[in-house]
1. What are the principal axis extents of the Cα atoms in segment 185-323, in Å, biggest first?
2. Does segment 89-187 come out rounded, prolate or oblate by the C-alpha gyration tensor, with a ≥ b ≥ c the root eigenvalues, rounded set by a/c under 1.5 and, if not, prolate when a/b is larger than b/c and oblate if not?
3. If the viscosity is 0.692 mPa s and the temperature 37 °C, what translational diffusion coefficient in µm²/s does Stokes-Einstein give for segment 129-186 when Rh comes from Kirkwood over Cα pairs?
4. Give me Rg over Rh for segment 187-265, both radii from the alpha carbons and Rh done the Kirkwood way, two decimal places.
5. Could you let me know the centre-to-centre spacing of segment 328-371 and segment 150-165, using Cα atoms, in angstrom?
6. I'd like the distance separating the alpha-carbon centroids of segment 200-221 and segment 232-300, in whole Å.
7. Taking the Cα-to-Cβ direction at residue 96 and at residue 216 and moving 7 Å from each Cα, how far apart do the two end points lie in nm?
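The numbers here are math on the coordinates, done by the rules we state, and not lab data. Predicted model, so just to flag it, every value in this text is computed and none were measured. So basically every Cβ, Gly included, is an ideal-geometry build from the backbone, and we count neighbours across all protein chains shown.
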């Protein structure tokens, strides 16, 4: 009986050994085979580890040039862009990729798809309006070429762009779908990214407690998946959430670790973002000088790389800090720079109402009432447009709170000038807007179950 069992067992062991050996043979290092190098680099890039993939792509590019294969050489060439993208301005990099699409080698379907994917990644950090168009094209081409996981990622990137353009409802649906596909079909890098951006969105809406769950998930998946890139978005957003919850010591400790990693990799946009977040923590702990220093360095870095989104956020924060300290001319200069940055990405409305309100307050304190009132009205109109896309009662309340602040500042400015009749007309106008929102979203105050996203992230 024992002999009969031993024979099949030996056979199974032999088959397993052959399978393991074949797998090792297939994955053996072949540094002179450009196809092997390209596949290896693509595996690293799929995990968002573009920095370590870059030298492998470079070696493959040289070998493809020697082989006279321009399409694959171009594919390998553009795949190196992301490794150093944050070291210079995005605009010329995007323009260069657009030029690459016109060359003969870009007619190859895989090469064209890769160029568009890299361009979309840059545009997501540069201009959400441009990114939307590119990711839509990436999704269409990916489906035609049966790259369905890439098509799912493209949908998630469209969602990120939608959030920045003010379409919170559309953003939520697209990011959630990409997250679920990544989670249940086994795309850990995408799971990290979309859990990260969902958490970052909650942080932007000051839902710090709720944000920690998806952010911690993103960090956990990154830590337990071999080869996956450092979760910089999740880490930065977690720092901001901890600061919002008053857990300052934890936030600063995590900031120092993240700053060291970003500096070692020359990730200038991430360094700028970390400086902005740390400055906010310094503000909350009464260290105004340290806060102003961090804001200024973050702005300098943002200007070097044309990080318009970072500039409009950081400039607004620095202006508000200067205003609080009574440095009104410095505050006006800072907020003008922030609003000018927004002009470079005019489709991105989410942060603009706050900056217009800050400038309106500064102008009111400088006695420039007419200009101030115009800006208060513009800010309220923008919030109205954002409310049209608010998907939940929580988001509606957050935006209405922003509108209330705008009108409160407007009312206060008019009262200081003893324009009481105008001030009360403004209050009546505000009340009309709030009542209109209540009628449009009649069930906004009704108890609602946890959102689908919250339930799925808890799984």
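1. Dimensions of segment 185-323 along the principal axes of its Cα atoms: 50, 31, 23 Å.
2. Details: a/c = 2.55, a/b = 1.28, b/c = 1.99.
Oblate is the answer for segment 89-187, as a/c is 1.5 or above yet b/c matches or exceeds a/b.
3. In µm²/s, the coefficient rounds to 294.
4. Details: Rg = 11.9 Å, Rh = 12.4 Å.
My calculation puts Rg/Rh at 0.96.
5. If you average the Cα positions of each part, the centres end up 29 Å apart.
6. 16
7. Calculated label separation equals 4.2 nm.
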